Amino acid sequence: MHWMKILAWAASVTAPIDWRLPWLIVASFIGGALNAVAGGGSFLTFPAMLAVGLGPIQANATNTVALWPGQLTSIAGYRDEVRKHSKLAWKMAAAGLVGGSVGAIILLNTPARTFLELVPWLLLFAAVIFAVSDPVMKWLQRRKPATIPAPGAGLDGEPIRNYWPLILATVVVCFYIGYFGAGAGFLIISLLSVFGFHDLNEMNAMKVVSTTMANGMACILFAFSGKVEWRYCLAAMVACAIGGYLSARVAQRLDQRFLRLLVVIIGLGMAAYFFWRNHR
């Protein structure tokens, strides 16, 4: 009868363990590594949140909160550019707050089934954005003039005197960030290019300000709404941070084109899976 007691003891020890958590930690670790060297980590972390049993809106809210601290720290890397263009940075931050808030509120009031039907389309949209971002960024580098215009100058070198069209367009993109958000950073870069920006450091600084504020406001709303599953959120947050830190040490040895192709394949694969899942 001793073996029965041993089995009973083993069952009592392992019963409280959530065996879905290791999968989330692994996916978040890899997602954090991808975010650090190529981007696109949400293609893994969001489906992982669904896989552990969260509803689609809970999964999106938890994923957003888990990834936000990494975005917040990136502002420090562009503090000189943000300080240099503080007036525009404040406008971009306000656009992020407004757009992110509205997007998050709409998400919280979207029926779970409706959002689940939108998930494959959102993943497909984000994967396509990610696929075209690299060639477009290379094109932006080629069109960069030999003499850098003043920040925010138009294509003819003349200063843009009215930023409001840019700010309104940023509000629209930040609405998408608050609602789902994958791939939105590239949309901000594209907007800034259309409005005459040429320096990628300045463009990235404005992108980081707007996207961080949009996601920050969404995080606050998600947290107060009760949609964040904190045990999964904190586990993913730590795993993403560790993955990002460790991957930074080997990032220079990796083929960036291969990594970006891998991210696109993962994104398209996840979109295909959710199309199949929703219509099986």
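Read the figures in this text as sums done on the coordinates, not as results from a lab. Only a predicted model underlies this, so the values are computations on that prediction, with no experimental measurement involved. As a convention, Cβ positions derive from the backbone with ideal geometry for all residues, glycine included, and neighbour counts pool all protein chains shown.
Brief remarks follow.
- Per-residue Karplus couplings for the range 53-58, computed as 6.51 cos²θ - 1.76 cosθ + 1.60 with θ equal to phi - 60°, are listed in order as x, 6, x, x, 6, 4 Hz, Gly and Pro entered as x.
- Extension gain (nm, one decimal) between Ile265 and Trp230, 0.36 nm per residue minus Cα-Cα: 9.6 nm
- Summarising the label geometry, the points placed 7 Å from Cα in the beta-carbon direction at Ile106 and Ile220 lie 2.0 nm from one another.
- If you plug the beta carbon distance of Leu246 and Arg83 into 1/(1 + (r/R0)^6) with R0 = 30 Å, you get a FRET efficiency near 0.45.
- The 3J(HN,Hα) values that the Karplus relation (6.51, -1.76, 1.60; θ = phi - 60°) gives for the range 222-227 are, in residue order, 5, 5, 6, 7, x, 8 Hz. Gly and Pro appear as x.
- Peptide ranges 58-70, 267-279, 98-110 listed from the most packed, as the mean C-beta count within 10 angstrom indicates: 58-70, 98-110, 267-279
- Take 111-121, 25-35 and order them by the average number of nearby Cβ atoms within 10 Å per residue, most first; the result is 25-35, 111-121.
- Applying 1/(1 + (r/R0)^6) with R0 = 35 Å to the Cβ-Cβ distance of Ala76 and Trp276 gives a FRET efficiency near 0.25.
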